[in-house]
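Trainee: Pasting a structure below so you can have a look.
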Amino acid sequence: MNGEGAGRPESRRQRRIQRRKREILAAAARVFAEQGYANTTIREIAYQADLAEGTLYNYFGSKREILLGIVNDTDALMETVLLGGEGLEDREAFVQVVERGLDISEEQIPFLRTLFSEAWVDDEILQDFVDSQLERIYRRLTTYITDRIEAGVFRDVDPALAAQLILGMFGSLILPALRGVASLPAPRGRRALAEQLVDLLLKGIQAPEN
């Protein structure tokens, strides 16, 4: 009995720490998205997270560390979407992955705005996080398309070009929301949007022959 319960208090403590870190990152992302990273202070982030400024430093040592935490959090979520897309066998599975990507994009809009705005002026973030993340997505897509071509499911196209087109199409869907000029559709609308995107990818825009 003693052995079984020995790790539980620490486990609960770690969960509390991780939960508080996520709350801080979410608060920081909101402030960064509203007024920019450079114009935001630790005090403002602490206020938004309902913490004393000194308490926040127990979780993050600097504003830069918070920014990198946002970057890593966004990276982990996108990796989850990609892993869920491995082994896609039919149209419905493809639609579900695109739909999930849109869901996560909405959840992460403040994070993504911060990430891309800072990548514009920060070479380290651009090269070490944005570029590397996009490269991983690109490689996975290219491998998936290549495998489907070899299996006879997709016609013989340039896998690298097809992967670039997919990234561009998906990016164009979320760009208005990132700029704050439009919102992503409600869940039902996202389903329809995902279906249209997948059909465009799989069938193209040419009218079917009679």
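Trainee: List the pairs whose first member sits in region 27-52 and is part of a helix (DSSP H, G or I), whose second member is at pLDDT 85 or above and small (G, A, S), and whose Cβ atoms are under 6 Å apart, counting only residues at least 6 apart or on separate chains?
Mentor: Final answer for the pair search is A27/A49; I45/A27; I45/A28; Q48/A27.
Trainee: Which residues, counting only those in region 154-174, are of a type outside the set (A, V, I, L, M, F, W, C) and under 14 Å from R139 (Cα atoms)?
Mentor: At the first step, the residues of region 154-174 found to be of a type outside the set (A, V, I, L, M, F, W, C) are 155-156, 158-159, 164, 168, 171-172.
Within region 154-174, D158, P159, Q164 qualify.
Trainee: Sticking with this one: Quick one: which residue in E118, E124 is closer than 22 Å to G36 by Cβ, more than 13 Å from the chain's Cα centre (by Cα) and surrounded by 16 or more Cβ atoms within 10 Å (Cβ to Cβ)? Give the derivation first.
Mentor: Details: E124 fails: surrounded by 16 or more Cβ atoms within 10 Å (Cβ to Cβ).
Among E118, E124, only E118 is closer than 22 Å to G36 by Cβ, more than 13 Å from the chain's Cα centre (by Cα) and surrounded by 16 or more Cβ atoms within 10 Å (Cβ to Cβ).
Trainee: Given the condition in contact with a Pro (Cβ under 7 Å, 6 or more places away or on another chain) and either surrounded by fewer than 17 Cβ atoms within 10 Å (Cβ to Cβ) or among the hydroxyl-bearing types (S, T, Y) (or both), answer yes or no: does some residue in region 175-192 qualify? Before the answer, list the steps.
Mentor: Keep residues of region 175-192 that are in contact with a Pro (Cβ under 7 Å, 6 or more places away or on another chain), which gives 182.
Narrowing the set further to residues that are either surrounded by fewer than 17 Cβ atoms within 10 Å (Cβ to Cβ) or among the hydroxyl-bearing types (S, T, Y) (or both) leaves 182.
Looking for residues that are in contact with a Pro (Cβ under 7 Å, 6 or more places away or on another chain) and either surrounded by fewer than 17 Cβ atoms within 10 Å (Cβ to Cβ) or among the hydroxyl-bearing types (S, T, Y) (or both), one finds at least one in region 175-192, hence yes.
Trainee: Which pairs do you get when a residue that is assigned by TED's automatic domain parsing to the domain that holds V97, found in region 180-199, comes within reach of a residue that is buried (at least 16 other Cβ atoms within 10 Å of the Cβ) and small (G, A, S), reach meaning Cβ atoms under 9 angstrom, with the pair 6+ apart or on two chains?
Mentor: G180/A33; S183/A177; L184/S105; L184/A177; A194/G101
Trainee: Can I ask one more? Just checking, does region 155-165 include any residue being closer than 16 Å to I104 by Cα, of a type outside the set (D, E, K, R), in a helix (DSSP H, G or I) and modelled with pLDDT of 85 or more? I'd like the intermediate steps shown before the answer.
Mentor: Just the residues of region 155-165 that are closer than 16 Å to I104 by Cα, to begin with: none.
Looking for residues that are closer than 16 Å to I104 by Cα, of a type outside the set (D, E, K, R), in a helix (DSSP H, G or I) and modelled with pLDDT of 85 or more, one finds none in region 155-165, hence no.
Trainee: While we're looking at this one, here's another question. Name the residues in region 97-151 that are closer than 29 Å to D199 by Cα and touching a Gly at 6+ places or on another chain (Cβ under 8 Å), would you?
Mentor: Of everything in region 97-151, those that are closer than 29 Å to D199 by Cα and touching a Gly at 6+ places or on another chain (Cβ under 8 Å) turn out to be V97, R100, R113, R140, Y144.
Trainee: Still on this structure: State whether one or more residues within region 149-162 are within 17 Å of the chain's Cα centre (by Cα) and either more than 19 Å from A93 (Cα to Cα) or among the β-branched types (V, I, T) (or both). Explain how you work it out, then say what you get.
Mentor: Our first condition is that a residue be within 17 Å of the chain's Cα centre (by Cα); within region 149-162, this holds for none.
The answer is no, given that none of the residues of region 149-162 is within 17 Å of the chain's Cα centre (by Cα) and either more than 19 Å from A93 (Cα to Cα) or among the β-branched types (V, I, T) (or both).
Trainee: Does L141 satisfy the condition of being assigned to a helix (DSSP H, G or I) and closer than 30 Å to S117 by Cβ?
Mentor: Here the answer is yes, as L141 does meet what is asked.
The values are calculated or read from the model by the stated rules, or taken from the named source; none is laboratory data. These numbers were taken from a predicted model, which means no experiment stands behind them. Here Cβ is always computed from backbone atoms with ideal geometry, including for glycine, and neighbour counts include all displayed protein chains.
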